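These notes are about the structure you will find just below.
The values are calculated or read from the model by the stated rules, or taken from the named source; none is laboratory data. Just so it is clear, the model here is predicted, and its values are computed rather than measured. Here the Cβ positions follow ideal geometry from the backbone for every residue, glycine too, while neighbour counts run over all protein chains shown.
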Amino acid sequence: MTTRKYHCAMGVLVMFLTILLLSSSPADAQNRKKKQKKPKAPQTLFFDVDLSLTYDDNVIRYSDADLDLFDQNASPGKFDIESRNDWVIKPRMEGRLRGRFIGGHTAWIGVDYRYYYYARNNVRRYHRMSVFARHYFFRGGYLESEYYFIPDYYYRNQYVQNLGYVKASFTKHFLKFEIGQDITSSLKADISYRYQSKAYNPEVSERDLTENGVRIDAIWRAAKSVKFWAYYGFVRANAAGADLPAPDVRDVSYDAWDITLGARYYSSLHRKLKPEFFSTVQFEEIKFRTVKYLDEYRFDRDDHNLELAAGTVLTIWYGVRLDVSYSYYQKWTDLPVRANENLLEYTGSSVSIGLQRDF
């Protein structure tokens with residue numbers, strides 16, 4: 001090979017290598033950056049904020065007969081409310097911490113605070129504080145506990161012998177232990193034990209209650225866009241009045257069971273709004289257990305409660321979710337003295353709109 005041909009060949013080779021390096025070096029540099037870039041640390045602290053506004057047309061769940069008395073101011077001592085209906089503002093804040101605990105499995109611990117502000121009926125305003133924890137021990141299986149406390153909740157005015165009508169309010173403690181498991185990729189179930197106690201003010205302390213209950217939940221993701229759920233619960237409540245022999249002392253002990261059915265549809269109508277539609281129906285049966293036959297409002301009494309709800313959820317901007325819902329509730333009562341039933345039965349409805357943001 002002559003020197004000229006050699007230099008020509010070397011020139012072509014250098015030019016080819018230069019083009020190859022120039023064309024490949026950006027990708028190689030980008031790949032090196034990807035390799036050198038540290039993986040993003042998983043999020044450990046979560047914070048949720050909710051704010052909702054509800055209009056309720058029967059805030060104390062008074063019967064039509066009681067509401068007639070209220071409207072006519074016929075029994076002023078019986079009522080301590082300013083209006084039968086009200087606007088309720090409900091702010092809620094929740095913080096959760098995620099980490100790994102026993103066996104390196106995921107665990108959660110969190111706190112939750114809620115306040116219920118009634119615009120007109122300040123006697124109904126109250127707040128609730130809770131703490132909860134969940135630990136996963138195997139794939140899809142977990143244990144969970146929760147405790148919440150309500151320091152003061154107004155029930156309604158109650159008639160007391162020799163005192164007339166007095167305010168009845170209670171302090172409430174609630175405790176739950178739950179175990180859950182993913183049965184399949186689309187079916188989840190859990191069972192929980194629930195305990196709660198209510199301690200009333202001394203004038204009506206015969207109403208003090210301790211409740212023990214069991215609840216079974218199942219959630220089925222039937223398709224990517226459809227989810228169904230069903231809850232069943234049973235409660236046995238024992239009142240302090242059951243241990244007091246006087247026949248005129250109220251015994252509000254009862255047994256109750258309830259079932260809830262629900263469905264949610266994840267629509268694809270709008271990609272950004274991500275609309276969801278949901279509906280639920282709940283039916284509850286309550287049977288009072290008192291043996292004090294002089295108590296004509298509780299002896300051999302059965303209550304039947306129905307609640308229907310429907311609504312929609314939209315993601316409006318920056319992860320803020322808008323929730324709009326409507327609820328209807330009704331109580332029927334069976335008593336040996338039929339004339340007293342309309343004094344206990346009631347109906348009502350509420351409309352809610354809320355905003356929720358996760359951080």
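Which ones in the stretch 108-158 are hydroxyl-bearing (S, T, Y), closer than 17 Å to S197 by Cβ and out of contact with any Pro (no Cβ under 8 Å at 6 or more places or on another chain)?
Scanning the stretch 108-158 gives S130, S145, Y147, Y148, Y153, Y155.
Can you find even one residue in the stretch 130-138 that is under 21 Å from the mean Cα position of the chain (by Cα), assigned to a strand (DSSP E or B), without any contact (Cβ under 8 Å) to a residue 40 or more places away in the chain and loosely packed, with under 14 Cβ neighbours inside 10 Å?
yes
Scan the stretch 77-107 for residues that are of a type in the set (F, W, Y) and in contact (Cβ under 8 Å) with a residue 40 or more places away in the chain and report the count.
1
Taking the residues in the stretch 219-259 that are of a type in the set (S, T, Y) and in a strand (DSSP E or B) as candidates, determine which candidate is nearest to the chain's Cα centre (by Cα).
Y231
Taking interchain pairs and intrachain pairs at least six residues apart, which have beta carbon atoms under 6 angstrom, with the first residue in the stretch 141-168 and under 26 Å from E94 (Cα atoms) and the second of a type in the set (A, V, I, L, M) and part of a strand (DSSP E or B)?
From residues that are under 26 Å from E94 (Cα atoms), the pairs are L143/I179; S145/A133; Y147/V131; Y147/L175; F149/M129.
Those residues that are outside any strand (DSSP E or B) and surrounded by fewer than 16 Cβ atoms within 10 Å (Cβ to Cβ), I need them from the stretch 170-204; list them, please.
Once the filter is applied, which keeps residues that are outside any strand (DSSP E or B) and surrounded by fewer than 16 Cβ atoms within 10 Å (Cβ to Cβ), the stretch 170-204 yields I183, T184, S185, S186, P202, E203.
Tell me yes or no: at least one residue of the stretch 310-331 is closer than 30 Å to P247 by Cβ and either out of contact with any Pro (no Cβ under 7 Å at 6 or more places or on another chain) or in the same structural domain as F278 (by TED's automatic domain parsing) (or both).
Within the stretch 310-331 (the criterion being closer than 30 Å to P247 by Cβ and either out of contact with any Pro (no Cβ under 7 Å at 6 or more places or on another chain) or in the same structural domain as F278 (by TED's automatic domain parsing) (or both)), the answer is yes, since at least one residue qualifies.
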